[in-house]
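The values are calculated or read from the model by the stated rules, or taken from the named source; none is laboratory data. All values derive from a computational prediction rather than experimental measurement. Every residue, glycine among them, receives a Cβ derived from its backbone with ideal geometry; neighbour counts consider all protein chains shown.
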Amino acid sequence: MMIEKIISGGQTGADRATLDAAIKAGIPHGGWTPKGRETEDGVLPDKYQLQEMPTNSCSKRTEQNVLDSDGTVIVSHGKLTGGSALTQKLAEDYKRPHIHLNMNELSVNAAVDTLRVWIENNEIQVLNVAGPRASKDPDIYNMTAKILETLFMDGL
């Protein structure tokens, strides 16, 4: 098994799906969340083992998660915007491995296969997962969870 830890920022949507999938699979999780553990649906519950940034800046949190991982996957439906686009730009700026899974163009199985190959090729041990918050994409939680749960079931 290559993945040793999964990290995300703890926001609703893709981030939260990531943490829930890691907990369900028994994979260590973590990452950084803004000061006060603020998310769009309130304070991030303590069951999520994320560290608080000294600032409430979402962009600083995003940057730290890119830096603390071996690579970043961004899951979306369509073009990257907002924090997801920033995540991609930071990964490029820091020359960190990253991949965008556009679920308007991929089936869940194709996304899992693409992600598995990318993880193996880049020898990813700490995986950062990002994507839109629930208010921007109500379906992203379920899609991200499906991709990761399938990946973890397959033993990666």
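With the condition kept exactly as written, say whether any residue in the range 35-47 is in contact (Cβ under 8 Å) with a residue 60 or more places away in the chain and under 21 Å from GLN125 (Cβ atoms).
no
Which residue pairs have Cβ atoms under 6 Å apart, sit 6 or more places apart or on different chains, and have a first residue in the range 4-28 that is more than 18 Å from ARG61 (Cβ to Cβ) and touching a residue at least 24 places away in the same chain (Cβ under 8 Å) and a second that is of a type in the set (A, V, I, L, M) and in a helix (DSSP H, G or I)?
Once the first residue is more than 18 Å from ARG61 (Cβ to Cβ) and touching a residue at least 24 places away in the same chain (Cβ under 8 Å) and sits in the range 4-28, its partners that are of a type in the set (A, V, I, L, M) and in a helix (DSSP H, G or I) give ALA21/ALA145; ALA21/LEU148.
Let's see how each residue does on (1) within 13 Å of the chain's Cα centre (by Cα); (2) of a type outside the set (A, V, I, L, M, F, W, C):
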site	(1), (2)
MET53	no, no
THR62	yes, yes
ASN65	yes, yes
ASP68	yes, yes
GLY83	yes, yes
THR87	yes, yes
GLU92	no, yes
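Any idea which of ILE140, ILE99, ILE74 is at pLDDT 95 or above and in contact with a Phe, Trp or Tyr (Cβ under 6 Å, 6 or more places away or on another chain)?
The match here is ILE99.
For the range 107-122, which residues satisfy the criterion of being in contact with a helix residue (DSSP H, G or I) (Cβ under 8 Å, 6 or more places away or on another chain), surrounded by fewer than 17 Cβ atoms within 10 Å (Cβ to Cβ) and among the β-branched types (Val, Ile, Thr)?
Answer for the range 107-122, where residues must be in contact with a helix residue (DSSP H, G or I) (Cβ under 8 Å, 6 or more places away or on another chain), surrounded by fewer than 17 Cβ atoms within 10 Å (Cβ to Cβ) and among the β-branched types (Val, Ile, Thr): just VAL108.
Would you please name the residue that is nearest to VAL66 (Cα to Cα), looking only at residues in the range 95-124 that are of a type in the set (Asp, Glu) and free of Cβ contacts under 8 Å to residues at least 40 places away in the same chain?
By that ranking, first place goes to ASP113.
What's the number of the only condition in (1) touching a Gly at 6+ places or on another chain (Cβ under 8 Å); (2) not in a loop (DSSP other than H, G, I, E, B) that ASP137 fails to meet?
Unmet for ASP137, out of (1) touching a Gly at 6+ places or on another chain (Cβ under 8 Å); (2) not in a loop (DSSP other than H, G, I, E, B): (2).
Tell me which residues, restricted to the range 86-106, are surrounded by 17 or more Cβ atoms within 10 Å (Cβ to Cβ), of a type outside the set (Val, Ile, Thr) and in a strand (DSSP E or B).
Within the range 86-106, HIS98, HIS100, LEU101 meet the criteria.
Hey, among the residues in the range 50-85 that are of a type in the set (D, E, K, R) and part of a helix (DSSP H, G or I), which one's farthest from GLN125 (Cα to Cα)?
Checked the range 50-85; the qualifying residue farthest from GLN125 (Cα to Cα) is LYS60.
Condition (residue is among the charged types (D, E, K, R), out of contact with any His (no Cβ under 8 Å at 6 or more places or on another chain) and within 17 Å of ILE147 (Cβ to Cβ)) applied to the range 88-109: is it met by at least one residue?
yes
Scan the range 117-149 residue by residue and report those that are among the β-branched types (Val, Ile, Thr), more than 14 Å from LYS5 (Cα to Cα) and under 15 Å from the mean Cα position of the chain (by Cα).
ILE140, THR144, ILE147, listed by residue number.
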